[in-house]
1. If you scan region A:113-141, which residues turn out to be at positive phi and in contact with a helix residue (DSSP H, G or I) (Cβ under 6 Å, 6 or more places away or on another chain)?
2. Against the conditions (1) within 16 Å of ligand 2 (Cβ to nearest atom); (2) in contact with an Asp or Glu (Cβ under 9 Å, 6 or more places away or on another chain); (3) not acidic (Asp, Glu), where does B:Val77 fall short? Just the number, please.
3. Checking the condition away from ligand 2 (no atom under 16 Å from the Cβ), within 13 Å of chain A (Cβ to nearest Cβ) and crowded, with 17+ Cβ neighbours inside 10 Å, which residue from B:Lys9, B:Lys17 passes?
4. Exactly one of these conditions fails for B:Gly125: (1) without any contact (Cβ under 8 Å) to a residue 24 or more places away in the chain; (2) near ligand 3 (Cβ under 9 Å from one of its atoms). Give me its number.
5. Just one of the numbered conditions (1) within 9 Å of ligand 3 (Cβ to nearest atom); (2) in a strand (DSSP E or B) is not true of B:Ile48; which one?
6. Considering every residue within region A:154-167, establish whether at least one is away from ligand 1 (no atom under 13 Å from the Cβ), outside the structural domain of A:Ile25 (by TED's automatic domain parsing) and assigned to a strand (DSSP E or B).
7. Which residue out of A:Met10, A:Met5, A:Met1 is farther than 18 Å from A:Leu311 by Cβ, modelled with pLDDT under 95 and either within 14 Å of another protein chain (Cβ to nearest Cβ) or in contact with a Gly (Cβ under 7 Å, 6 or more places away or on another chain) (or both)?
Amino acid sequence: MSNAMNFAFMREEPAPPNGRRVAIIGAGPSGLAAAGYLGCLGYQVEVYDKLPKPGGLMLFGIPGHRIPADRIQRGVFTLSRKFGVNFHNKTKICCSAPLHEEEGDHFSCDIRGLGELVEDHDAVIICSGAWKSRKLGIPGEQLKGVYSGLEFLFPIRAVKYATSNVSVPPVEGRTVVVIGAGHSAMDVAHSAKALGAKRVVMVYRRTKKEAPAGSYEVDRLIDAGCEWLERRTPLRIVADETGQHVAAMEMADANTGETEVLPADVIVTSIGEIPTPPFQKELGLENVRKGEVRWLHMTSIENVFVAGDVLTGPSKIGKAVYSGLRAARSLTNWLDLKAQHRENEYNYDADVITRPGAPSEQR
Amino acid sequence: MSECHGRGKTLHIDYSKCIGCETCEAVCGFLYDTPRIAMARTNDGQMIPIYCQHCEHAHCMKVCNRGALMRDRDGAVVLQPMLCRGCETRNCVIACPYAAFFATDRGVAVRKCDLCAGRRAVGLGPACAEMCPCGAIRFADRDELDELETEASREARDRVLAHIRPKK
Ligand SMILES: Cc1cc2nc3c(=O)[nH]c(=O)nc-3n(C[C@H](O)[C@H](O)[C@H](O)COP(=O)(O)OP(=O)(O)OC[C@H]3O[C@@H](n4cnc5c(N)ncnc54)[C@H](O)[C@@H]3O)c2cc1C
Ligand code: SF4
Ligand code: SF4
């Protein structure tokens, strides 16, 4: 068995070319799964990603000790060598929003419009993930030294691929406060430790038992030398004497009902991401989410499909993969029927119903 | 046909490499509608895939009095839906020491992993092993299982078994 995440798991060899071209925007797990499915069926697949390497958050978010990067890269290699998938890295598909808005934008050197892709391909799937970090909405969040989970983690991985315009957050010998208790908060804390932080304090508004990453993971952090403060709600981030940089955080302690001040050199708020699709409104994503569409995973622009975290909000690799596969299959059904002018025969209900126990589409 | 080459093949999950990402379950669900490998959440909040080990001395085979469970030539324990009548006893479900025989409300009312029988027939391996991002699932010869175990994998496996079979 080759040691690769085999996105083209449906076939050993691609089916003969069927003459159709599909563009996929975003090379995370959902986009790569869709690329593999379509590549197996003989589609010509073009994958666009703004980052220098395919993999999405599997490569640029989740630390390498949890997912071996070479396993992802070998899977990508198989897609490109054996299944003829073309990867256009460092290419951002342009949206109405200005550049340099999300993590990772500064890598793209080529920009192309969605409209252009729609013209040039039989269909497009948008798999651009959820990269904008949610804010706490408390005073002082704009201070230097305050990061979101992705702002903190992304450069640690990205610096390996291009050093000029990213820098790893300076934590060596400092006190790092991490807010949140999901997987990304755990990853931030472990990474801060690994980068030589003097003290890492986790702050969570509920209890260990309620931590989304599970109490086992919290215990592992504590074993690794991190501190765990539960039932604490951040109130305000306090600046140092220059007024520019973080110095401490004020929080309410639900155990005692008192306000405490926690000194901090770096604060990372890791409380989740929100989706940032190009052309959010034009695509009518709200309707796709609610299932008010005539075709599974198709947006309000004909031939444009959507899958993964950009549709569901932050989820998990498995859910993104499932969504990518379903969108790819829906797309092939659509193009097949359309080629025979039989679009209205499509049975949406038969396609959306996921059986009990099956991973649900939009969780 | 209950003979197979060597001691046959099976799946092996190294739980110390698993990050609980649900990809195995998702891919299985995509292929077969109802997944035959299923995520569970342990008391301490870890997500773990529960899977069939295609036991050499399979309890599920022993308790099925319809003979609906058979070993195929690769060593997989497969359910023959046409022999199974979905009997109310659900002996198979109860007998499995790994909680890997699932009850459903569809078809013959039970389902289990068949090591992707249809895929094996055309030379492919089980899809979960192909797609696991971490390489935690191996489609392995039973004879090489010992070599796959490490100290970390044994420890992680014990934690999972403690969840499946809690001490009374
Ligand atoms: C720190 C962290 C830890 C996590 N840990 C786990 C875990 O342990 N287990 C788990 O299952 N899940 C985990 N997740 C969640 C998981 O990574 C995501 O759910 C999954 O990667 C989503 O896949 P996706 O394909 O939808 O999007 P992504 O993986 O986000 O990929 C989207 C891709 O689209 C590209 N892109 C975006 N916009 C454009 C554009 N306009 N033009 C071109 N390209 C674009 C991006 O560069 C990116 O490569 C974690 C997430 C984070 C942040
Ligand atoms: S795909 Fe691999 S890492 Fe993910 S849950 Fe399954 S075994 Fe674990
Ligand atoms: S279903 Fe259970 S008892 Fe039967 S072979 Fe699989 S693990 Fe063993």
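The values are calculated or read from the model by the stated rules, or taken from the named source; none is laboratory data. Note that the structure is predicted; figures quoted are calculated from it, not measured. Cβ sites come from the backbone with ideal geometry, for glycine too, and all protein chains shown count toward neighbours.
1. Of the residues in region A:113-141, the ones at positive phi are A:129, A:137, A:140.
If the condition is that a residue be at positive phi and in contact with a helix residue (DSSP H, G or I) (Cβ under 6 Å, 6 or more places away or on another chain), then A:Gly129 is the only one that fits.
2. (1)
3. Working: B:Lys17 fails: away from ligand 2 (no atom under 16 Å from the Cβ).
None of the other options fit; the residue is B:Lys9.
4. (2)
5. (1)
6. Within region A:154-167, the subset away from ligand 1 (no atom under 13 Å from the Cβ) is A:159-160, A:162-167.
If we keep only those that are outside the structural domain of A:Ile25 (by TED's automatic domain parsing) too, we end up with A:159-160, A:162-167.
Remaining after also requiring assigned to a strand (DSSP E or B): none.
Checked against the condition, which is being away from ligand 1 (no atom under 13 Å from the Cβ), outside the structural domain of A:Ile25 (by TED's automatic domain parsing) and assigned to a strand (DSSP E or B), region A:154-167 yields no hits at all.
7. A:Met1
Per-residue answers, yes or no, for (1) more than 26 Å from A:Asp187 (Cβ to Cβ); (2) in contact with a strand residue (DSSP E or B) (Cβ under 6 Å, 6 or more places away or on another chain); (3) in a helix (DSSP H, G or I):
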{"position": "A:Ala8", "(1), (2), (3)": "yes, no, no"}
{"position": "A:Ala23", "(1), (2), (3)": "yes, yes, no"}
{"position": "A:Leu51", "(1), (2), (3)": "no, no, no"}
{"position": "A:Ile62", "(1), (2), (3)": "no, no, no"}
